[in-house]
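A quick write-up on the structure given underneath.
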Amino acid sequence: SAHLISDGSKAGDPVVSLKQFSMEAADVYEERYRAERIVTGVPTGVSDLDMMTFGQHPGDLTLLAGRPGMGKTATVLNWAKYAAEKGIGSLIVSLEMPTQQLFDRLVAMDTGINGMNIRIGNFNNQQYRMVNDSISRLYSLPIYIDDRGGLEFSEMRRTIRRQVKTHPEIKIV
């Protein structure tokens, strides 16, 4: 079975003939046929994107680009939260934003309370209860964050491999 994140090693000859691969492909097609689903990979929760990509699959690289303040971080957090609610883990490598800020954003999305109010603690008793309920919900989600800024690509790769090995539920980074 394929993994979204390669462990960087393949035993033996990396070249495969179609004769060798055909039986493996037959099993894949049978599984797809029996599953009867359109989104076959990790869903993002954005139905238009999922219909175009059929979800995120092993080896996929999805680039999300935009100007500052366009909602890139919010989108990624929404994707991770959506997948996590379905038991699919994610690793977020944040080179710019500390974990507390990312968590603040998740709580704001989860509660509907303005993010600035979450950040400065400006909420009433009912909202405070909502925040605590949100923390309980987020507590159980398989989302992992590395907020070390300035990581070299090689260190990032080592971290990803280590986390995937330690937390096999991680399917997207």
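Let me know the charge dipole size of the chain about its Cα centre in debye, to the nearest 20, where only the beta-carbon of Lys, Arg (+1) and Asp, Glu (-1) is charged. Please report the intermediate quantities before stating the final value.
On the way: 20 positive and 20 negative charges, 62 e Å.
The dipole of the chain has a size of about 300 debye.
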Labelled set [x] 153; [y] 164; [z] 119; volume of the Cα convex hull per residue in Å³ computed from this model equals the value at [x]
Cβ-based charge dipole, the chain, positive-most Cα from PRO58, MET109, LEU18
MET109
Calculated from DSSP helices alone, with each H run of at least 4 adding -39500 (n - 2.57) and the total divided by the residues of the chain, [θ]222 nm to the nearest 500 comes to -15500 deg cm²/dmol
With axes computed from alpha carbons, what is the tilt in degrees of helix 125-139 against the longest principal axis of the chain, rounded to the nearest 10 within 0 to 90?
20 degrees
Result: in the chain the number of Lys pairs with C-alpha under 24 Å apart, spaced 8 or more or on different chains, is 10
For ARG161 and SER22, compute 0.36 nm times the residue count separating them, minus their Cα-Cα distance, and round to one decimal in nm.
47.1 nm
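A short reminder: the numbers here are calculations on the coordinates, not readings from a lab. Just so we're clear, the structure is a prediction, and the values are computed from it rather than from any experiment. Methodologically, a virtual Cβ is constructed for each residue, glycine included, from the backbone with ideal geometry; neighbour enumeration extends over all protein chains shown.
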